[in-house]
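These notes are about the structure you will find just below.
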Amino acid sequence: MKKLLYSLPEVFFIGMAAFWIQDNYTANGTINYFAIAVIATMLFQLIFSKRVVGIASGAALGLFSLFMVLAVRSEHNDFPAGSAEGIKFLLIGEGLFLLSALIAGAMIIKFSMQRPEILPMPHSVS
């Protein structure tokens, strides 16, 4: 249970990217290579748990999530003022991407607290 909770950020972003791939493919038949790269990176993190990759991917996903919050705000302006559809779009979109930003922040904290790998010094031959 603790292991699953510890790997929750990676599993969450794998699920989000898988949904994104499925949505793009069913909507217009295109393959989303960015989402495939996110899945590959998160699978790499689940298997190898590298500190630098975890911090960098957490930061990138967090910034992307915050960007998407702004995109949701911008798209909300296309709806008529006070419409139920617009409010639903705003609440679900902002909620999802703010949750993603929080989980990305948790991922950064998780890998920042991880002890760095110390490589052994090469022995000099004299």
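The values are calculated or read from the model by the stated rules, or taken from the named source; none is laboratory data. The structure presented is a predicted model; accordingly, all values stated were derived computationally and were not measured. Here the Cβ positions follow ideal geometry from the backbone for every residue, glycine too, while neighbour counts run over all protein chains shown.
Note on the stretch 18-42: residues that are within 24 Å of A59 (Cα to Cα) and hydroxyl-bearing (S, T, Y) amount to 2. The set of residues from the stretch 12-29 being surrounded by 14 or more Cβ atoms within 10 Å (Cβ to Cβ) and of a type in the set (A, V, I, L, M, F, W, C) comprises F12, F13, I14, M16, A17, A18, W20, I21. Of the residues making up the stretch 40-66, those that are within 22 Å of L98 (Cβ to Cβ) and of a type in the set (A, V, I, L, M) number 8.
Looking across the stretch 30-46, the residues that are aliphatic (A, V, I, L, M), surrounded by 11 or more Cβ atoms within 10 Å (Cβ to Cβ) and farther than 8 Å from A17 by Cβ come down to A37, A40, L43, L46. Taken as a whole, the condition of being among the small types (G, A, S), loosely packed, with under 11 Cβ neighbours inside 10 Å and at pLDDT below 95 applies to A84. Could you say whether any residue in the stretch 84-104 is among the aliphatic types (A, V, I, L, M) and under 23 Å from R115 (Cβ atoms)? For the stretch 84-104, residues among the aliphatic types (A, V, I, L, M) and under 23 Å from R115 (Cβ atoms): present.
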